[in-house]
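J.: This is the structure I have questions about; it appears just below.
What follows draws every value from the coordinates through simple rules; no lab data is involved. This structure is a prediction, so every number in the text was calculated from the model and none was measured. In this analysis, Cβ positions are derived from the backbone assuming ideal geometry, glycine residues included, and neighbour counts consider all displayed protein chains.
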Amino acid sequence: MTATSAPPSSLVATGGPDPERGRLPTLVLAGGCFWCTEAVFERVRGVLELESGYANGHWPQPSYEQVCSGRSGHAEALRLVYDPEQIDLRSLLQIFFATHDPTSLNRQGADVGSQYRSGIYWTQPEQAQVARDLMAELQAADAFGAPIVTELVALQRFDPAEAEHQRFFARHPEHGYCLAVAAPKVRHLRQQFAQWLR
């Protein structure tokens, strides 16, 4: 699989409920533009379901334009269902921290606004503890050369993004933004976390 090729669609399902997957943990991650976050995690073994959307805002079912205005309070985010028997939460979070800048407040690169904030939105208290411990370790090691500003709070709401934003990188690998921003993150994943690739 090349850096821009998509994994088989059967490995990443979105849509209807699956009783088996209903018993698996869900986590929502915000690392800037959700096209990039999705491009990374659709290649990670043990991630069974992905959906780009909007997390923890105060407007129900916002549009992309409303979120981009910065007034809705949402973060562009990725909801994922993962199998802890295939990948542990700590490893998922290590990938998350390595493929975005957790030290930039309300921005990632040229994307600026609260909707691009770094965030971990947990659905189980133990997820919060794993994330808190890892963040403390990374901060103590000065892993990024600056304070980590990642928001760590419980998931209050998640609104799926419009259909055109789902699997965007897989469908549009030659899009200018994908080439400039998402593809380098995928390459970094392949170089640093080969053991977790599908």
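J.: Given +1 on the Cβ of Lys and Arg, -1 on the Cβ of Asp and Glu, and no further charges, what dipole in debye does the stretch 23-196 carry about its Cα centre, rounded to the nearest 20?
T.: So the dipole magnitude of the stretch 23-196 works out to roughly 140 debye.
J.: Please report L78, L48 as a ranked list, fewest other C-beta atoms within 10 angstrom at the top and most at the bottom. Walk me through the numbers before you get to the answer.
T.: Details: L78 27, L48 17.
Listed from fewest to most nearby Cβ atoms, that is L48, L78.
J.: Relative contact order (percent) for the stretch 65-198, with alpha-carbon contacts under 8 angstrom and 6 or more residues of separation?
T.: 24 percent
J.: When the helix-only estimate is applied to the chain (DSSP H runs of n ≥ 4, each -39,500 (n - 2.57), divided by the residue count), what is the mean residue ellipticity at 222 nm, nearest 500 deg cm²/dmol?
T.: Helix contribution divided over all residues of the chain: -7500 deg cm²/dmol.
J.: Return a whole-number percent for the relative contact order of the stretch 29-110, with Cα pairs under 8 Å and 6 or more residues apart as the contact set.
T.: 38 percent
J.: Sticking with this structure for a sec: If you look at just the Cα atoms of the chain, how large are its Rg and its Dmax in Å?
T.: Cα-based Rg and Dmax for the chain come out at 15.5, 43 Å.
J.: Ranked by Cβ crowding within 10 angstrom, fewest neighbours first, how are T150, T26 ordered?
T.: T26, T150
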